[in-house]
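What follows is calculated from the coordinates using simple rules that are stated; it is not laboratory data. Note that the structure is predicted; figures quoted are calculated from it, not measured. In this analysis, Cβ positions are derived from the backbone assuming ideal geometry, glycine residues included, and neighbour counts consider all displayed protein chains.
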Amino acid sequence: IRALASGSLVLAQCRAMRGCCFRREHDSEQDGDLLPWQMARGAEGHRPADYRSALRPQDRLPLVRRGVETTMHDEARSREVMNRQVEMVGTNDLNLLLYSVCDIPGQPTGREAAASCAGGHPVQQAWHIPPNTSSGIPIETENFVGTAIVMYRSASSRPGAAARYASYFETKKRNWEVRIQGKFKRVPTSDMFIGIVLRDFNYNQAVAGHSKMVRRTGMALVKSYDLYMSWGDRCEAALRPNAELSHLVTGMSGWDQIIRTEQGRTPPELGADYKDLRDSCGLNLERNKMGLSSYTEAVSEMFGCISTEDTYTLCFWGVSQVIDLLRWQFKIGMRINMKTFFEDSPLHVTLYERERPHYKNGNRPSEAEERHLESQKRYYLDLMFWSSSVECPNLPKSYIFIDAPPALAQESADVGDGDPAVRQVSDNTSSDGQRNSVALVEGKRSRLRSWIDRLRWIPGFACSGHEDRTPAADACRRPSALSPRRAYA
């Protein structure tokens, strides 16, 4: 019996090792099942060639198959992942939770569901974008592929808080900035819009009087822009198919800076200062330097002939002086808590294409025909965010939360305020439905070393990466559990 048991254990270890090596060798042939940040390692034919080196070597983990964690909705697990990500950005200072939202591959899109379903939207994926990283976090939607970075001025005077970009914000009035860099996967054929859409708001309520007051004040500050503003359908109307959501959007001139880098040229580094960039990386349009009128005209010309081969760098910071995202407040002469308006729901900054409806009365659309309905949209970007000062307990019901590349997530935690004794980075990847996690407890941990600890009978030279181990990696221990900051009810 003892011999049979020992033999079974060895057989199980052999199968585990064989499966690990087999995936390392053959997963690149099945790039359709890879996670976006794993595809950057170089899945042939899936990503543009210049994105194969988008991540640093330490971020290019072995290719593994997409697990059920990223495609099958499990509310309890999604809540656990979201809680851990809140803990990762830190609990001592105010920080921002930012996610790239996209449809689940093979599932009905929000556009398709809007025309047939009443209220809400289908479950989607939410890919975490940790703040203040040195390089971009890979993102991909149905219509856009690239990287994203969010930089912001720390809300704390504590030494070291958000130190990476402290000098960058010292000479600027803006308090935060979001940058997107990548390629369009399709050429838009209709009008493009950027702005805020309340996709998770509770529409079972009438428009409050204080909301109307803030609208009048806020719109006076941006009266020079061509804006579309709608409260959206409310109460019973919000439960009908194809209901309109609340919008505050404008054209592509809503971006503060846009850089188009032609194929064959090197785009700017995503985390660099673009103050003196000029046209060294391609056509560089900046609203503050050109003036709104000239900028709007140049942007319209640029996006009138989008190329899927060129790289576009899109920067957004214009409203950061009136919207304090970290404290979750409006600053319009006085500070107003945004929870008064959005309760426990996040904001979505979106980039979408709206199909032009066929107007019945010639070229003069009616009010109903001007509405921005979900069935008319193609989303290129959907960035969901909220402050760590508020709670959004209902989000795990609507999203599958997924972690960023472990090295970049840990890098963000290192420059933030997270407790160094309790940090964890999960790669959200799996084999046969099993999730592999890497815990960081008082030192960095190596995934490879973790497996060597489990399979001690395998000599070090059997794994090709053993020569790359650092002394810190040799001091690793078994993963430990992490107590989340909040237990969302």
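Annotations for the structure displayed:
- Couplings 3J(HN,Hα) for segment 191-205, derived from phi with the Karplus relation 6.51 cos²θ - 1.76 cosθ + 1.60 (θ = phi - 60°), are 5, 9, 9, 10, x, 9, 10, 8, 7, 10, 6, 8, 8, 7, 6 Hz, where x marks Gly and Pro.
- A full extension of the chain between Asn202 and Met334 corresponds to an added length of 45.0 nm, given 0.36 nm per residue minus the alpha carbon distance.
- Overall form of segment 152-281: oblate. Here a/c, set by the Cα gyration tensor axes a ≥ b ≥ c, is 1.5 or more, and a/b is not larger than b/c.
- Tyr225/Ile104 FRET efficiency (R0 56 Å; Cβ-Cβ; nearest 0.05): 0.95
- Per-residue ³J(HN,Hα) for segment 326-336, Karplus 6.51 cos²θ - 1.76 cosθ + 1.60, θ = phi - 60°, Hz, x for Gly and Pro: 5, 8, 6, 9, 8, 10, 10, x, 9, 8, 10
- Segments 137-147, 389-399, 96-106, 303-313 sorted - mean Cβ within 10 Å per residue, highest first: 137-147, 96-106, 389-399, 303-313
- In this simple spin-label approximation, Asp414 and Asp276 carry label points 7 Å from Cα along the Cα→Cβ vector, and these lie 2.9 nm apart.
- Subset of Lys183/Lys289; Lys289/Lys331; Lys212/Lys397; Lys173/Lys377 violating a 28 Å alpha-carbon distance limit: Lys212/Lys397; Lys173/Lys377
- Computed FRET value (nearest 0.05) for Tyr168 with Glu370, which takes r as the C-beta separation and R₀ as 25 Å: 0.05
- Check: segment 146-274 dipole with +1 on Lys, Arg Cβ and -1 on Asp, Glu Cβ, in debye: 200
- Placing a pseudo-label 7 Å from each Cα along the Cα-to-Cβ vector at Arg216 and Ser307 gives an inter-label distance of 5.0 nm.
- Summary of the geometry: segment 392-412 and segment 200-262, compared by the centres of their Cα atoms, lie 26 Å apart.
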